[in-house]
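The values are calculated or read from the model by the stated rules, or taken from the named source; none is laboratory data. What you see is a predicted model, and the numbers here were worked out from it, not measured in a lab. Note that each Cβ is placed from the backbone with ideal geometry, even for glycine, and that neighbours are counted across all protein chains shown.
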Amino acid sequence: MAKGIVHFRVDDRMLHGIVSTDWVPQFNATRAMVVDATAAGSDLTRSTLKMACPAGVALSVLAPEKAAENILAGKYAAQKVFCVCRYVKGAYELFKAGVEIPQLNLGNVTQNKGETIVLDKTVRVSPEERDMLREMRDAGVKITARFRVSDTETDVSKLLD
């Protein structure tokens, strides 16, 4: 796993109830990292995310390029970081920057309108996102869908074709 990162997830709600109460504790994370340029640039959003972060868990809210820079520099190597990207594009940007992502969990991808490809009950990707996920899959990233920790993990790699 990439230098201290214990899990990569895409969730358009970022850090919210299910992520804070189920996912972050499941991985015994010591830090939650939200990867989204818009959130990183908003004091209000960062404050709201801090309130949603579990007690005792540090929080980073970073644009993809800064997150990749920090991960690749080993800044989190001694931590257990739960990384949640707001959009598939954020995870793709980490991947393109050289961050090792063995598995990417698509948890909640519902913001897409218009033409979408349904991968799971809470995952609808655009054709552009499908192409990004295909490229990641073809490079060896396992692409899964799983909304809650208690749900069965679904490998959606074949649904990208």
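To keep it simple, each residue is scored yes or no on (1) part of a strand (DSSP E or B); (2) charged (D, E, K, R); (3) more than 28 Å from Asp155 (Cβ to Cβ); (4) modelled with pLDDT of 95 or more.
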site: His7; (1), (2), (3), (4): yes, no, no, yes
site: Leu15; (1), (2), (3), (4): no, no, no, no
site: Ile18; (1), (2), (3), (4): no, no, no, no
site: Ala32; (1), (2), (3), (4): yes, no, no, yes
site: Glu69; (1), (2), (3), (4): no, yes, yes, yes
site: Lys75; (1), (2), (3), (4): no, yes, yes, yes
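Looking for whichever is over 24 Å from Asp22 (Cβ atoms) and touching a strand residue (DSSP E or B) at 6+ places or on another chain (Cβ under 8 Å) here; the options are Arg130, Arg134. Which one fits? Working first, answer last.
Details: Arg134 fails: touching a strand residue (DSSP E or B) at 6+ places or on another chain (Cβ under 8 Å).
Result: Arg130 is the single residue among Arg130, Arg134 that is over 24 Å from Asp22 (Cβ atoms) and touching a strand residue (DSSP E or B) at 6+ places or on another chain (Cβ under 8 Å).
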Answer residue from segment 98-117, given it is farther than 21 Å from Ser150 by Cα and touching a strand residue (DSSP E or B) at 6+ places or on another chain (Cβ under 6 Å) and is surrounded by the most Cβ atoms within 10 Å (Cβ to Cβ) among those: Ile101
Hits in segment 39-52 - residues which are in contact (Cβ under 8 Å) with a residue 24 or more places away in the chain and either surrounded by fewer than 15 Cβ atoms within 10 Å (Cβ to Cβ) or under 15 Å from the mean Cα position of the chain (by Cα) (or both): Ala39, Ala40, Leu49
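Take segment 25-47 and flag every residue that is within 18 Å of Ala67 (Cα to Cα) and either touching a strand residue (DSSP E or B) at 6+ places or on another chain (Cβ under 6 Å) or acidic (Asp, Glu) (or both).
Ala29, Arg31, Ala32, Met33, Val34, Val35, Asp36, Ala39, Ala40, Asp43, Arg46
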Hits in segment 118-153 (condition: surrounded by fewer than 17 Cβ atoms within 10 Å (Cβ to Cβ) and assigned to a strand (DSSP E or B)): Val118, Lys142
From the options Val61, Val19, residue that is within 14 Å of the chain's Cα centre (by Cα), aliphatic (A, V, I, L, M) and within 21 Å of Val149 (Cβ to Cβ): Val19
